[in-house]
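To start, the structure under review is shown below, and the notes come after it.
Nothing in this text is a laboratory measurement; each read-out follows from the coordinates by a stated rule. Quantities reported herein were computed from a predicted structural model and do not represent experimental measurements. Glycine gets a Cβ as well: all are built from the backbone with ideal geometry, and neighbour counts include every protein chain shown.
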Amino acid sequence: SEDEGTSEAEGKEADKVKVAYMPNYASLNTVVAGMKIGAFEEQGIEVELVEFADGPTIIAALESGSIDVGYIGPGAHVLPIQGEAEIFAFSQLGNADEVIGSSEKGVKTIEDLKGKTIAVATGTSSETILDLTLAEVGLTKDDVTLMNMDASAIVTAMISGSVDAVATWSPNTNAIKNEMGDDAVMLSNNARYADQFPSIASWLVKPGYAEKNEDVLVRFTKGLYKGMDYRVDNLEEVAKWVAEEIAVDPDAVVQQIGDGEWITQDQLMTMIEDGTLEAYYKKQQENFKDAGRLKEEEMRPVEEYVLFNIMTDAAK
Amino acid sequence: MAGEERVVKLKIDNVRKVYNSQNGEVIALNGVSLDIYENEFITVVGPSGCGKSTLLNIIAGLEKTTSGKVFCDDQEIMDTGTERGVVFQQYALFPWLTVLGNVKFGLSLQGMKKEKADEIAMKYIRMVDLEDFVNSYPKELSGGMKQRVAIARAYAANPSVLLMDEPFGALDAQTRTQLQEELLHTWEKEQKTCFFITHDVDEAIILGQRVIIMSARPGRIKEVVDINIPYPRSQETKITPEFLEAKNYIWSQVYKEYLEVRK
Amino acid sequence: MAGEERVVKLKIDNVRKVYNSQNGEVIALNGVSLDIYENEFITVVGPSGCGKSTLLNIIAGLEKTTSGKVFCDDQEIMDTGTERGVVFQQYALFPWLTVLGNVKFGLSLQGMKKEKADEIAMKYIRMVDLEDFVNSYPKELSGGMKQRVAIARAYAANPSVLLMDEPFGALDAQTRTQLQEELLHTWEKEQKTCFFITHDVDEAIILGQRVIIMSARPGRIKEVVDINIPYPRSQETKITPEFLEAKNYIWSQVYKEYLEVRK
Amino acid sequence: MKRVVKIVINQTLKTKNKSNVKKTPMTKSNWVEKIPSNLWVLISLVVAIFIWTILSIIPNTSRSFPNIFYVSESVVTMMQRGVFWSDIASSLISVLVGFLIGFVISLPVAVLMAWYRPIRFIIEPWIQFVRNIPPLAYVPLVVISAGVGRTPQIIVITIATFLTMSITIYQGVRNIDPTLIKAARVLGAKDKDIFLKVIAPASLPFIMTAIRLGTAIGLTSLIAAESTGASAGLGMRIRALNNTFEASPMLLYIIVIGVIGLIFERLVKLLERRLTGWQEKRE
Amino acid sequence: MKRVVKIVINQTLKTKNKSNVKKTPMTKSNWVEKIPSNLWVLISLVVAIFIWTILSIIPNTSRSFPNIFYVSESVVTMMQRGVFWSDIASSLISVLVGFLIGFVISLPVAVLMAWYRPIRFIIEPWIQFVRNIPPLAYVPLVVISAGVGRTPQIIVITIATFLTMSITIYQGVRNIDPTLIKAARVLGAKDKDIFLKVIAPASLPFIMTAIRLGTAIGLTSLIAAESTGASAGLGMRIRALNNTFEASPMLLYIIVIGVIGLIFERLVKLLERRLTGWQEKRE
Ligand SMILES: Nc1ncnc2c1ncn2[C@@H]1O[C@H](COP(=O)(O)OP(=O)(O)OP(=O)(O)O)[C@@H](O)[C@H]1O
Ligand SMILES: Nc1ncnc2c1ncn2[C@@H]1O[C@H](COP(=O)(O)OP(=O)(O)OP(=O)(O)O)[C@@H](O)[C@H]1O
Ligand SMILES: [Mg+2]
Ligand SMILES: [Mg+2]
């Protein structure tokens, strides 16, 4: 994978990049779009997709060197900060997490949460959103009963009326809304706290990878950008491609279209130039520190672990 | 022992027993009738599969007849009853109970008080000469000792009829001889009606007042041989002319049966 | 059989065997010396734990001496060898092999061709009268039949010494008597040096040319009794005065030993 | 006289075998005995489908138990998505290869544990220790050392099956009658012969039990194994379908795992009957 | 003469018992025999800690295997967070209660299966069927029918343990010597007596095996069980710590599960020795 200079490596054997994803729209849309429209091929890159159930396992796979790049959600960003990985591309600001109350159980407003049983998967971004939601009305976790459970069990628990509210992400939220209709009341979501808690999703490589494979990484990012741009105009078509890739019901994936703020390459460049992106990552660090997941001395400048140069180089 | 006025203890009346198995019906017993008198010692010989165990199980109440009836003290036998004790070939001791626990198993079931049950059990344990092993578990006993416990257990429940299905079949010769003598000795002291199945013709003669010879396919009583050798008998009895005569006769009859079965 | 010029087949020379167990050392054998002649039939009796099996295992090469040596044909015994066959009390048949497979086990190990091995094995299966059961598995055989297979297996490997550790201990009297006669018969035909452990004094006398009486704590040879009863012997031998005399004598000696052990 | 004695022996023998047949002592009703076992399987199936249908009607459970038609339909759905057979194939490969490797490792480990006290004392506690840990807990560790794809899946299943099988086989080897080994030695068997011709066949019944346990554990570890990163597989697909709340195909996949388990069970039983027919059942 | 015979019997007996003792036939080296078993446990521990330390140094594995000091430290961390003991307590309660209920159900089911052919034919295939399905797969179904909290956790563990234990105990009951039951009947035992005084003690050895398997399965199902919703618990905490990438406390919790498993194992062994001492070991 160490080819010299020429970025358009036509006629040469394609570089293989192993990409780790989780089976949902946000994780896959850019890559799948890029693959379908031939954006990676164009760059002389062959993408191989590997499915994972969760972020931690992706990190583990990255560390072992068995995958090249991986998609991670907000929770796992503590690792690049601690120097365990490097971010080479921003994916999106997530809007998948929601706190949903059951009106049948008397939860129609945030205030109603007091004293109720809330299902949540501990350690995920949904938990953070829940914290922020509670804080808004002066509640803490001690004022409610938290049920830590598996994401899939959260839905069944809510629908069957075993809990009064949930904090979870799409597609679980969609499933709840589908089943409960008007009884499901969305109390808050990421967008509401975007400035306090940006739910950043990013593309990762392990430390040192970017240095050795800068060229490949830049070309891969170029492919991603093309996918991003295509996606923004063809959200539903891409959703169907994603469904096909992970062999699930296309309608279920279409429902996930609202999970993030999908941006184009140009929008990303603007965010980099005006410092918005850096501010997001900085805010994220502070949130980690506040949550006790990051020590004061572990905090460090964003540019040390976010490779802005890859993003800008790829845009050229 | 063959007194004049004899009371019929067990009456077996035209018993037929058919088993349904995968390969069709098996007639295990057919037209079996026999009166067994009180305190009589009956021994039963016959080729394997002639229905000896089946008959014993029916008397014990462990199996039902297909037709025909069996009476004990003029009462029709419908179920097991504590007046009919059984000693099985494979000892059938409860391995999780000590010798004492095994012997008093039946007594406890009858709701007897612990002290009383212990006392009676100890009496029979002494009878079979195992007082040194009261608290031993069956695994710590030799085959002969186990069979003695089984006999003590049967005796302790104080049955008036004792049914024994090849009780000594699995023992070595020395032990076997010894237990035969002990059994005779006990029977002479505390008379019970005994129904004793064996493969060993010597054993049948040395123990029994009457030897029942059964034949197979279907199981029938072929012949009843009276053994007129006076008690007390012992191993020396085996060299008396009466014994040898009976032995020769029964052997020849049983041998015929064996040949019959082989065909 | 007691010819003039006798060749020493097995030489046991001042053997001592000490076991280390949790409760300290156990002296299983001490100062045991014995010459066993070619084609001799030696029987060994003695109380339990006097080291009979230990001695046999040492001769077989299954255990090592602590001091002292054992020779077979003037060669020191260091390991097992096919010239020394063993028959164990618990048959020790391989349950996953048929009768034929068991009997030819040793032959196959020696790399013998299948046809040849089958032929030799069949010869010994016929010798023990089991040709109808060649393809049966051990579970389908009675105890006596199993022991016959074990004997055939030992014979098939064609050892010049046959070591037998209570081979008939687990059998019933009839089968036992029959196997004794068969063993004697075979030995008379194909002579081998036999070392035969038993608990049964009758058996020791009817089989052996010399009876070794061992004593316990520590295991020693207490006495060697010559049995001058001519072969062929049979069950009738048991009523000859020579037999009875030998029996009384050995019983009394063994009995003393038993009492000794009890103390 | 001798002839008679021999017959007696044969007869005794017959009685013995016969007694193996009558195992269950207490069955009384006769018509029940006559229903052939195939019919029972059918009855059992009908009962299960009946219960299932009820569950699919009760509102509370209907979402997780779509009725049988929906579930059958989803076979077509999953085939159209082009993953049905590849998922089955992929999981079968992982389970079988993992099981086989686990089996091949557990054999010598079990034998070594049985023979050498030091090995036993050092290894056994750790096997017992790890055996109680949920496989999901060590998935990240496996991924780190083995990467993604087929290898870590196989490793997770290998570990899970190895732990149980080695303990089971070890107990089997420990239980081998030492006289059998002595008997082989006096017939001229060397260490190799003893291993191949005595230890191996003598522990076959335990090995069979180990195989039965091993395949079952392989299947129950499937979800954990396939969370190490997979491109196809029953466990991984169950998770994905669970995420999109497609109850019918998910139930279908669960049933497929169950059926594979039953098939394994039958195969092992067949193998058992062929290989350990010589075994004496408890009297 | 009679006296002598009796002695012979006793002697034979002694030989028999003795042969039970010498189980392992092939251990040769003597100094190895003399090392006490406590020392072996120590050696085993040292070896494990050594391997662990190596893993914590190799860069690739160091993140998942923090060294022993960090892990010991995290005991303090988790205690400060106030969850260490409550997690252990909560999981212990779930496992023990689930196991106990599974046990209590499996006893009669096993007995019924062993006695009544129809029940056996209807139930057994389904137990075999469900047994191969990963517990994680039926977690959603349990949540639907039992809600969240302690109940569904217990139900998942009950199901998992029940499946294995009922099959094991069933095989035990099937193996009971029918003559024992006959013997009890002729001594006047009614059905109740037979169940309590014959079936129950006679199947004790198998019940012990079932208990051993049951506790192990209860522990390995912990993560699945606690994904039904828990406010404390080892499995739930492991998942949460995994989500937040806290390797040291996670490894600590894994070790805690392993240690609990070892403690269960010891307790069962103790119980076994006390309750089934009467059992005749294979000759
Ligand atoms: N439960 C059963 N089902 C079917 N057939 C049976 C059953 N029990 C016994 N039989 C058959 O009934 C016949 C008589 O059996 P039984 O056990 O009474 O014979 P036996 O005389 O005691 O034989 P043995 O001397 O071998 O003990 C045999 O042919 C046997 O196969
Ligand atoms: N492996 C062993 N470890 C420790 N002690 C042993 C061992 N084998 C035998 N012994 C002891 O050595 C003594 C002799 O045992 P051996 O088996 O040779 O006696 P035996 O004469 O064959 O007895 P039996 O008639 O009961 O078979 C006994 O005291 C026994 O306890
Ligand atoms: Mg019978
Ligand atoms: Mg011995």
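Say we join alpha carbon atoms closer than 10 Å with springs in a Gaussian network model of chain D; which of D:Leu112, D:Leu96, D:Leu39 then has the biggest fluctuation? Maximum fluctuation in the GNM of chain D, among the listed residues, is at D:Leu39.
Derived scalar couplings between HN and Hα for segment A:146-154 equal 8, 10, 7, 8, 5, 3, 5, 5, 4 Hz in order, rounded to whole Hz, by the Karplus curve 6.51 cos²θ - 1.76 cosθ + 1.60 (θ = phi - 60°), x for Gly and Pro. For chymotrypsin sites (Phe, Trp or Tyr not before Pro), no site in segment B:70-111 is both called loop by DSSP and has at most 15 other Cβ atoms within 10 Å. Extending 7 Å from Cα along the Cβ direction at D:Lys192 and again at B:Met78 yields two label points whose distance is 7.2 nm. Taking each of C:Lys9/C:Lys64; C:Lys104/C:Lys146; A:Lys212/A:Lys282; B:Lys64/E:Lys182; C:Lys52/D:Lys192 in turn, the alpha-carbon distance tops 25 angstrom for A:Lys212/A:Lys282; C:Lys52/D:Lys192.
What's the local net charge at B:Val87, with K and R +1, D and E -1, over the other residues with C-beta under 12 Å away? Combined, the nearby Lys, Arg, Asp and Glu give +4. Comparing E:Ile169, E:Ile43, E:Ile207 in a Gaussian network model of chain E where C-alpha atoms under 10 Å apart are linked, the largest mean-square fluctuation is found at E:Ile43.
Using a Gaussian network for chain E with springs between C-alpha atoms less than 10 Å apart, which of these wobbles most: E:Gly218, E:Gly149, E:Gly98? The residue that fluctuates most here is E:Gly149.
Bridge orientation summary for the protein assembly as shown: considering DSSP beta bridges with both residues in this region, about 60 percent are antiparallel.
Across segment B:179-186, computed HN-Hα scalar couplings (Karplus, 6.51 cos²θ - 1.76 cosθ + 1.60, θ = phi - 60°) run 5, 4, 4, 4, 4, 4, 4, 5 Hz from first to last residue, x flagging Gly and Pro. Look at the Cα gyration tensor of the protein assembly as shown: its axes a ≥ b ≥ c give a/c of at least 1.5 with a/b over b/c, and that counts as prolate. Shown for D:Ile49, D:Ile101: other C-beta atoms within 10 Å of each C-beta, ranked fewest to most, produce the order D:Ile49, D:Ile101. Put a plus charge on the Cβ of each Lys and Arg, a minus charge on the Cβ of each Asp and Glu, and nothing anywhere else: the dipole of chain E about its Cα centre is then about 1740 debye. Amide H to amide H distances under 5 Å link B:Gly219 with B:Leu29, B:Asn30, where only residues 5 or more positions off or on other chains count and H is placed in the peptide plane. In this structure the amide hydrogen of A:Lys18, modeled in the peptide plane, comes within under 5 Å of the amide hydrogens of A:Glu48, A:Asp68, A:Val69, none closer than 5 places in sequence on its chain. Quick one: angle between helix D:68-80 and the longest Cα principal axis of chain D, in degrees between 0 and 90, rounded to 10, please. It works out to around 80 degrees.
Amide H contacts for B:Arg210 (H built 1.01 Å from N in the peptide plane; partners 5 or more residues away or on another chain; cut-off under 5 Å): B:Phe41, B:Thr43, B:Ile227.
Please say if chain D is rounded, prolate or oblate, where rounded means a/c under 1.5 for a ≥ b ≥ c the square roots of the C-alpha gyration tensor eigenvalues, and otherwise the choice is prolate for a/b larger than b/c and oblate otherwise? Judged from the Cα gyration tensor, chain D comes out oblate (a/c at least 1.5, b/c at or above a/b). Counting other Cβ atoms within 10 Å as a rough exposure proxy, the listed residues D:Tyr138, B:Tyr249, E:Tyr253 run B:Tyr249, D:Tyr138, E:Tyr253 from fewest neighbours to most. Neighbour counting of Cβ atoms within 10 Å sorts the residues B:His199, A:His77, C:His185, fewest neighbours leading, into C:His185, B:His199, A:His77. Compared with the dominant Cα axis of chain B, that is its longest principal axis, helix B:114-127 is turned about 60°.
Under the simplified labelling scheme, the C:Trp251-C:Asp226 pair shows an inter-label distance of 2.5 nm, with each label point 7 Å from Cα along Cα→Cβ. With a Förster radius of 41 Å applied to the beta-carbon distance between D:Val104 and C:Ser234, the computed FRET efficiency rounds to 0.10. Averaged over the residues of E:119-129, the number of partner chain Cβ atoms lying within 10 Å of the residue Cβ comes to 5. Charge tally for A:Thr264 (other residues, Cβ to Cβ under 13 Å; Lys, Arg +1; Asp, Glu -1): -2.
Inter-copy label distances at D:Pro59, using a point 7 Å along Cα-to-Cβ, come to 6.1 nm with the shortest given first.
Only helical runs count toward this figure. For chain E, summing -39,500 (n - 2.57) over DSSP H runs of n ≥ 4 and dividing by all residues gives -25500 deg cm²/dmol at 222 nm.
Compute the Cα gyration tensor for segment C:90-169, then decide on rounded, prolate or oblate, letting a ≥ b ≥ c be the square roots of its eigenvalues: rounded whenever a/c is under 1.5, prolate when a/b is larger than b/c in the other cases, and oblate in all that remain. Don't jump to the answer; show the numbers that get you there.
Numbers: a/c = 1.67, a/b = 1.20, b/c = 1.39.
Oblate, because a/c is 1.5 or more while a/b does not exceed b/c.
Karplus-based coupling profile of segment E:44-56, in residue order and whole Hz: 4, 5, 4, 4, 5, 5, 4, 4, 4, 4, 4, 4, 6, with θ = phi - 60° in 6.51 cos²θ - 1.76 cosθ + 1.60 and x standing for Gly or Pro. Between the residues E:Leu267, E:Thr151, E:Ala183, the greatest Cα displacement towards the positive end of the dipole of segment E:83-275, with unit charges on the Cβ of Lys, Arg, Asp and Glu, is found for E:Ala183.
Please compute the net charge surrounding A:Tyr225, taking Lys and Arg as +1 and Asp and Glu as -1 over other residues with Cβ under 13 Å from its Cβ. All intermediate terms of the calculation are to be shown ahead of the outcome.
Values: positive: A:Arg219, A:Lys222, A:Lys226, A:Arg231, A:Lys316; negative: A:Glu42, A:Asp229, A:Asp266, A:Asp313.
Cβ neighbours under 13 Å give a net charge of +1.
Subtracting the Cα-Cα distance of A:Thr109 and A:Asp143 from their residue separation scaled by 0.36 nm leaves 10.7 nm.
For chain B, the residue among B:Trp187, B:Gly208, B:Val103 whose Cα projects farthest onto the positive side of the dipole built from Cβ charges is B:Val103. Along the axis of the charge dipole computed for the protein assembly as shown (Cβ charges of +1 for Lys and Arg, -1 for Asp and Glu, origin at the Cα centre), the listed residues B:Leu162, B:Gly24, E:Thr209 are led at the positive end by B:Leu162.
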